[in-house]
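The structure is given below, and queries will be raised subsequently.
The values are calculated or read from the model by the stated rules, or taken from the named source; none is laboratory data. The structure presented is a predicted model; accordingly, all values stated were derived computationally and were not measured. When we count neighbours, we look across all protein chains shown, and the Cβ atoms used for this are built from the backbone with ideal geometry, even at glycine.
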Amino acid sequence: MALDDPRLPPKLLPVDPNFHTTFGDVWFLMEFLKKHGLDSVLGGVFQKKTLCQRLWVHILHSVVKDGSKISCEDWVGRSFVSYLIDAVPLHSLKSDTSYFAAMGEDRAKMAFFKAFVDLMKGQYPGFGKCCYVDSTPLPNDIENNPFNA
């Protein structure tokens with residue numbers, strides 16, 4: 001049916017939005033993380049609301065951007081994620097020093113791995129047996145690895 005079809009009542013004609021908000025990709029990823037218990041792991045490690053929301057925003061952006069060069073701030077502005085965060089100003093995501101500082105803290109890393117191992121042991125009792133964790137960081141020359149600091 002064409003937009004100028006006379007059978008369409010005038011008030012049902014489509015209206016062009018100012019911008020389109022993406023939904024499905026982020027919702028799918030959030031549901032996946034929730035289904036596997038990782039939402040509680042992350043929420044338990046980063047209990048301060050602003051830091052927890054920053055973490056979620058950066059995780060979702062890093063995974064869903066799919067190699068594009070869109071900034072976190074611009075991506076969130078076009079995603080329904082912008083409706084989920086109320087403790088983090090959108091403009092603060094451009095250079096998010098507090099987020100990157102928190103991710104570099106040893107306390108946060110240790111708390112995350114402890115909570116993650118506890119979660120996995122609850123699901124898979126043999127998880128972590130005869131496992132050695134090497135604390136050596138990945139080399140910085142690995143390409144396309146946004147999580148490599």
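Which of the numbered conditions does Ala115 fail, given that it passes all the others? Conditions: (1) over 30 Å from Cys131 (Cα atoms); (2) modelled with pLDDT of 90 or more; (3) part of a helix (DSSP H, G or I).
(1)
So which residues in the stretch 51-77 are surrounded by 13 or more Cβ atoms within 10 Å (Cβ to Cβ), over 16 Å from Lys94 (Cβ atoms) and in contact (Cβ under 8 Å) with a residue 40 or more places away in the chain, if there are any at all?
Leu51, Leu55
Looking at the stretch 7-48, which of its residues are at pLDDT below 75, surrounded by fewer than 12 Cβ atoms within 10 Å (Cβ to Cβ) and not β-branched (Val, Ile, Thr)?
Once the filter is applied, which keeps residues that are at pLDDT below 75, surrounded by fewer than 12 Cβ atoms within 10 Å (Cβ to Cβ) and not β-branched (Val, Ile, Thr), the stretch 7-48 yields Arg7, Pro9, Pro10, Lys11, Leu12, Leu13, Pro14, Asp16, Pro17, Asn18, Phe19, His20.
Can I ask one more? Only one of Lys129, Lys121 is modelled with pLDDT of 65 or more and surrounded by 10 or more Cβ atoms within 10 Å (Cβ to Cβ); which?
Unique residue meeting the criteria: Lys121.
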